[in-house]
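Notes follow the structure.
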Amino acid sequence: MGWEKRRGRHYYYRKRREGGRVISEYVGTGPAAELAAASDGLLQERRAKERKARAESESVEMILDDIQALTQALVRATLIAEGYHTHRGQWRKKRHG
Amino acid sequence: MAKKTTNDKATQEFQALVGEINHENPAAMDVVALRQALQEDKALWHRAGDLNYLAHQQLMGKLPPHIREGVHLRLEALQEELGYAESPAIERLLIEQIGTCWLNLHVTQLFCAVLTGQTMSMKGVEQWERRLTAAQRRYLKVIEMLTQVRRRLRPNAMQVNIGTQQVNVAGKVEAGKRKARSVTSEE
């Protein structure tokens, strides 16, 4: 998004990426363009907030997955040490041991 | 694509070792080695505790300051209901994790409510719905793990309910003789 100055006047353009190329789309000039720029600014701000929230959430989720994997291993180890094993997803106690 | 993980090599090796021994007739030597690793290698327990603390702090930091104290008290009550004080190490670890997963679910629900109340793309809404489902799945999974451990290692442990369904039926609880405490996951 941005204002471009051409022959002393300001014009507002929207930029987007399509297939690796940047497409510049003319929006306008004057109050209408200022309104469009303000609206785009708000949208960008909201997207940035969403991205930040998502990144933070992903970081905690990775830690939670790691704790769960480690705890699961500790639970399994504890049960195996007590003579259990899993059979088709079910914990069973060793019969003769 | 390999799954992203923060777990170190020693943790991954321990996980692999447990997977290898988990069959009907493990070698006695392997079981002894595993027992020793559980009792002597405190690094694994510390790592689990540290990760849990890290997640807890990050999640608490996401909450608005005026509700943190209330959430903290609710977490303490939850741990007490689950019998934290009188539980062995493995159960304590699970109870702490239940608290963190409950907190994660609570924070995710809050974010979903706030963000979906604003104008949001369909993709964004779907991502947050997936996140919420994953948070619920993690929470239920760790409750199930606690149930599994108690059912097998402490047959007279307390009753755990998921919704209205009792998920551990360990130890005969006779009416009037022993009052079973009930913990529900309907948060």
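The values are calculated or read from the model by the stated rules, or taken from the named source; none is laboratory data. Since we're looking at a predicted model, the values are computed, not measured. So basically every Cβ, Gly included, is an ideal-geometry build from the backbone, and we count neighbours across all protein chains shown. Ligands, DNA and RNA are excluded from the accessible area calculation, which covers all protein heavy atoms including side chains. Shrake-Rupley method; radii C 1.70, N 1.55, O 1.52, S 1.80 Å.
A few notes on this one:
- Per-residue accessible area (protein heavy atoms, 1.4 Å probe) orders A:V60, A:V22 as A:V22, A:V60, starting from the largest.
- For the residue pairs A:K49/B:K62; A:K52/B:K123; A:K15/A:K49; B:K9/B:K62; A:K93/B:K42; A:K49/B:K123, the alpha carbons lie more than 23 Å apart in B:K9/B:K62; A:K93/B:K42.
- Taking segment B:1-142 and dividing mean pair separation by its residue count, relative contact order in percent (alpha carbons under 8 Å, at least six apart): 21
- Rounded to the nearest whole Hz, the Karplus-based 3J(HN,Hα) values (6.51 cos²θ - 1.76 cosθ + 1.60, θ = phi - 60°) of segment A:14-30 follow the sequence 9, 10, 9, 9, 9, x, x, 9, 8, 9, 9, 10, 6, 9, x, 9, x, with x at glycine and proline.
- In chain A, Rg over Rh equals 1.51, where Rg is the alpha-carbon radius of gyration and Rh the Kirkwood radius from pairwise Cα distances.
- Exposed loop sites here mean trypsin sites (Lys or Arg not before Pro) with a DSSP loop assignment and at most 15 other beta-carbon atoms within 10 Å; chain A contains its longest site-free run at A:8-87.
- Dipole of chain A, positive direction: furthest Cα of A:T86, A:V60, A:Y12, with charges on the beta-carbon: A:T86
- Using C-alpha pairs below 8 Å separated by at least 6 residues, the relative contact order for chain A is 13 percent.
- Ranking of B:V142, A:V27 by solvent-accessible surface, largest first: A:V27, B:V142 (1.4 Å probe, protein heavy atoms only, all chains present).
- Estimated vicinal HN-Hα couplings, Hz - segment B:124-140 in sequence order (Karplus 6.51, -1.76, 1.60; Gly, Pro = x): x, 4, 4, 4, 6, 5, 5, 4, 5, 4, 5, 5, 5, 5, 4, 4, 5
- Shielding by partners - mean other protein chain Cβ count within 10 Å, residues of B:14-24: 5
- Cα-Cα separations in segment B:63-154 greater than 22 Å, expressed as whole percent: 39
- Pair-distance distribution of segment B:106-147: all C-alpha pairs, bin width 5 Å, starting at 0; shares per bin in whole percent are 5, 24, 25, 18, 13, 7, 6, 2, 0.
- Most mobile of A:L35, A:L79, A:L64 in a GNM of chain A (Cα contacts under 10 Å): A:L79
- Over all pairs of different C-alpha atoms in segment B:1-124, the reciprocal of the mean inverse distance, the Kirkwood hydrodynamic radius, equals 17.6 Å.
- Amide hydrogen proximity for A:H10: with H placed 1.01 Å from N in the peptide plane, no residue at 5 or more positions away or on another chain lies under 5 Å.
- Backbone phi angles across segment B:16-32, fed through the Karplus curve with coefficients 6.51, -1.76 and 1.60 (θ = phi - 60°), yield HN-Hα couplings of 5, 4, 4, x, 5, 7, 6, 8, 4, 10, x, 5, 4, 4, 5, 5, 4 Hz in residue order; Gly and Pro are listed as x.
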